[in-house]
1. What number comes out for the charge environment of GLY146, summing +1 per Lys or Arg and -1 per Asp or Glu over other residues with Cβ under 12 Å away?
2. Given a Förster radius of 35 Å and the C-beta distance between GLN91 and ALA152 as r, what FRET efficiency does 1/(1 + (r/R0)^6) yield to the nearest 0.05?
3. What FRET efficiency do you get for SER100 and PHE132 if R0 is 41 Å and r is their Cβ-Cβ distance, rounded to the nearest 0.05?
4. P(r) for the stretch 11-70: what percent of alpha-carbon pairs falls in each 5 Å bin, starting at zero?
5. Which longest uninterrupted range of the chain lacks any chymotrypsin sites (Phe, Trp or Tyr not before Pro) assigned by DSSP to a loop state (not H, G, I, E or B) and surrounded by at most 10 other Cβ atoms within 10 Å?
6. May I ask you to work out the translational diffusion coefficient for the stretch 98-161 at 37 °C, viscosity 0.692 mPa s, via Stokes-Einstein with Rh from the Kirkwood sum over Cα pairs, reported in whole µm²/s?
7. Please work out, to two decimal places, the log10 of the ratio I(q)/I(0) at q = 0.24 Å⁻¹ from a Debye calculation in which every Cα of the stretch 43-88 carries one identical scatterer.
8. Take each uninterrupted DSSP H stretch in the chain, measure its Cα extent along the helix axis, and return the ones at 27 Å or beyond whose mean Kyte-Doolittle hydropathy is at least 0.5.
Amino acid sequence: MTMTSEKPTTAEIILSTIMPFIMGLCATSVTMVIGEKYGQGTTPIVLVGWCVALGISAIWLNRAVFRRTRMLVPFLAAIGVILLVWLWQKQAFAMFVPRSGLTYGYFLTPDGANAKFWTLTCPLRIGLTSLFICFIAALVSSWRAGFRFLSACMIPWWLTAFLIFSLPSMYLDAQGNASIFI
């Protein structure tokens, strides 16, 4: 399944490869600044926005480098995994964390250990494993399609996907362990 038959230009390849890297550099600080300025209620919207941006950059990378629609499937599956795990974390947080919110060192208490497992540890490990499987699928697909050296162009996208995926977990862990302001 070829999208276009023309050869990609070097500028297209470089720009589509660098854009996810730039997103990754900005993701943490922009998310924190927007969360502080407009309240933590806006953070989920910002995170979903990062997923949309990741999706757009995956489409661009696929069009510029690989020129195949089948190559896009692992990228879109990764974005789906990210959103599903975040939904899981949100539901687990509502179920296991007291309505009063996180207190100093909550995840370090016996009651908080169960909440930490279902809200942080288990979703994070399953999400990272699923993302790694999607990454391997993308590498295998690109290798089979004959894009041996161009497969390296995917690495910034996948690093950014792993970073954006882990943003809520970093925030929750820091709040529950009260390690942000110590």
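The values are calculated or read from the model by the stated rules, or taken from the named source; none is laboratory data. Keep in mind that this is a model prediction, so the values were computed, not measured. Note that each Cβ is placed from the backbone with ideal geometry, even for glycine, and that neighbours are counted across all protein chains shown. We work out accessible area using only protein heavy atoms, side chains counted, and drop any ligands, DNA or RNA first. Shrake-Rupley method; radii C 1.70, N 1.55, O 1.52, S 1.80 Å.
1. +4
2. E(calc), rounded to 0.05, equals 0.40.
3. E between SER100 and PHE132, to the nearest 0.05, is 0.70.
4. 4, 19, 23, 19, 14, 10, 7, 5, 0
5. 1-148
6. Rounded to a whole number, D works out at 227 µm²/s.
7. Summing over Cα pairs of the stretch 43-88 leads to -0.81.
8. Taking the DSSP H segments of the chain (at least 27 Å long, mean hydropathy at least 0.5), we get 10-38, 73-96, 122-144, 155-176.
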